[in-house]
Amino acid sequence: MPENGVRSTYSQAPFRISTHDNGGQIATGTAFHFLYDGKRFIVTNWHNLTGRDFFSGKNLNLNARTPLWIEVHTALWLSSAIASVRNFRIVSRRVEIYSNPDAQLDPLWFEHPLLGGRGCDIVAILDPKPDQEPEFMHNCVNLISNARVPVLPGELAFVIGYPRGLHTGFGLPIWKSTFIASEPHFNVEVAERSLPAFFLDGYTREGMSGSPVFARYRGMWDVKDPYKPVDPSEPNFWSRDDVAIFGSEATEFIGIYSGRIPEKEGEAALGLCWRKDAIEQVCSAYSLSG
């Protein structure tokens, strides 16, 4: 871990996005890369790309503007007059979301193959890695670590993104701490809809929609089956190599954040984290489309 550099690889995963129409920038949000079946995708929320509220369908912009394309703000190598000198910085790169932007025809994003856009607030856009993108930046969230931890109600989860577009040096994101507020395996029931998500309790803000969510656990657990009870008194327990002992800590990617739940329910101050398996199903729509 460098002292004078990025100290967590998780900070290198998300990136800021902005939505645009012919009048300029409309809003900002967060996205990340996800690798599925050998393909790299940009993953963010349906409401970020459509500009419409996921629950009500209403336009989120007071002037009823609708995104026609997005810009991703990611690191790219810069050309240099000196061949031996390489440097990079954050560059805005346009990513199309429609085949015909002006007519808003033929969306280029993929949605959940069973639930559709209004049933699952996740979209994925195919995004091969540019040659100019540094190999150590914008890591796919599901490749950072293969650790599995107990993802339990009451445990800590970090939402890493760009609240109201805020970022630190070199475009790095903000970490918001939350707590897992419902049983992650079970769908939540919101606005008479069953959603493949669970609740987070934390003080998140606009612009963090599309942020990756990571669970962090400290304690003792079976690293192969984190929900299997461990018993230190069993024979040969201390010779096992598949148990994280007391004081161990690990982090696991668990889903994508999409903002607070609506209107009256929103008074509970809860946000939604869509599960990792829902992201995989959205990305699988690419193979189904071929």
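Each value in this text was obtained by applying a stated rule to the coordinates, not by laboratory testing. Because the structure is a prediction, the values reported are computed rather than measured. When we count neighbours, we look across all protein chains shown, and the Cβ atoms used for this are built from the backbone with ideal geometry, even at glycine.
Points worth noting:
- With coordinates expressed along the principal axes, the C-alpha atoms belonging to the chain extend over 68, 60, 39 Å, beginning with the largest.
- Along the chain, counting only GluC sites (Glu not before Pro) with a DSSP assignment other than H, G, I, E or B and at most 12 other Cβ atoms inside a 10 Å radius, the longest segment between sites is 4-134.
- Order by protection proxy (mean Cβ within 10 Å, highest first), peptides 166-173, 271-278: 271-278, 166-173
- Computed over the chain: relative contact order in percent, which uses C-alpha pairs under 8 Å that are six or more apart: 20 percent
- Sorted from greatest to least, the principal axis extents spanned by the alpha carbons of the range 86-163 come out as 46, 45, 25 Å.
- Among the chymotrypsin sites (Phe, Trp or Tyr not before Pro) in the range 192-227, those placed in a DSSP loop whose Cβ has at most 12 other Cβ atoms within 10 Å are TYR203, TYR227.
- Candidates ARG193, ARG148, ARG93, ranked by Gaussian network fluctuation over the chain, Cα under 10 Å, top entry: ARG193
- Rounded to the nearest 10 degrees, the angle from helix 276-289 to the longest Cα principal axis of the chain is 50 degrees.
- GNM top mover of LYS58, LYS129, LYS39 - the chain, alpha-carbon springs below 10 Å: LYS58
- For the range 11-54, backbone nitrogen atoms closer than 17 Å to the point 7 Å from LEU288 Cα along Cα-to-C-beta are found at 36-37, 46.
- Near PHE214: Cβ cut-off under 14 Å, other residues only, Lys/Arg at +1 and Asp/Glu at -1. The net charge is +3.
- Using the Cβ-Cβ distance between LEU166 and ARG240 with R0 = 30 Å, the FRET efficiency computed as 1/(1 + (r/R0)^6) comes to roughly 0.10.
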